[in-house]
Amino acid sequence: MNKAEMKEAILEAKFEKGLKWSDIAKAAGLSAEYTCSACLGMNHLEKQNAEAVAEVLGLGNEISTELQRFPHKIWSQAIPTDPVIYRWYEMVGVYGETIKELINEKFGDGIMSAIDFTMNIDKQEDPKGDRVLVTISGKFLPYKSW
């Protein structure tokens with residue numbers, strides 16, 4: 001089994017059981033965002049968390065084992081075509097340099113970690129139309145001179 005096969009098996013079991021990512025995450029003892037990312041093949045889970053995910057989905061040891069493997073983070077498309085993902089691509093294209101400039105101005109020369117990182121996705125009700133609220137927090141990593 002590979003990460004792509006694991007992802008398909010997990011998505012199918014999730015659909016068949018009528019589970020939400022929050023249900024699966026609760027079983028794993030992790031956030032919905034991180035659990036989902038691991039189930040989609042972009043992160044890994046420790047053995048206990050992987051076994052809990054496989055169990056709640058009614059899947060076997062093969063899924064648990066694959067969830068524990070370290071991923072190769074590969075994007076298959078240069079420009080994403082899914083509208084939700086494309087809008088994020090567009091936001092980075094339009095605001096990426098602004099984000100970089102403001103991070104550098106406030107912190108110095110460096111980057112925001114995507115490894116020491118958290119993300120929360122929430123629904124914010126609004127009478128003019130509900131809003132997607134995304135909170136991203138990453139550790140600042142300064143560049144060093146040597």
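The values are calculated or read from the model by the stated rules, or taken from the named source; none is laboratory data. Note that this is a predicted model, so its numbers are computed, not measured. Here the Cβ is made from the backbone with ideal geometry for all residues, glycine too, and neighbour counts use every protein chain on show.
When 111, 121 are checked against the criterion of being touching a residue at least 24 places away in the same chain (Cβ under 8 Å), surrounded by 14 or more Cβ atoms within 10 Å (Cβ to Cβ) and either over 24 Å from residue 32 (Cβ atoms) or among the hydroxyl-bearing types (Ser, Thr, Tyr) (or both), a single residue qualifies: 111. Please verify whether residue 50 is within 15 Å of residue 68 (Cα to Cα), in contact with a helix residue (DSSP H, G or I) (Cβ under 9 Å, 6 or more places away or on another chain) and small (Gly, Ala, Ser), treating the condition exactly as stated. Judged against the criteria, residue 50 is a match.
Residues in region 1-51 that are touching a residue at least 40 places away in the same chain (Cβ under 8 Å), of a type in the set (Lys, Arg) and within 23 Å of residue 118 (Cα to Cα): 3 only.
Looking at 117, 70 in this structure, which one is closer than 22 Å to residue 21 by Cβ and modelled with pLDDT under 95? It would help to see each step written out before you state the result.
Details: 70 fails: modelled with pLDDT under 95.
Only one candidate passes the filter, namely 117.
Checked against the criterion of being in contact (Cβ under 8 Å) with a residue 40 or more places away in the chain, under 24 Å from residue 132 (Cα atoms) and touching a Lys or Arg at 6+ places or on another chain (Cβ under 9 Å), region 65-87 contains not a single residue that satisfies it.
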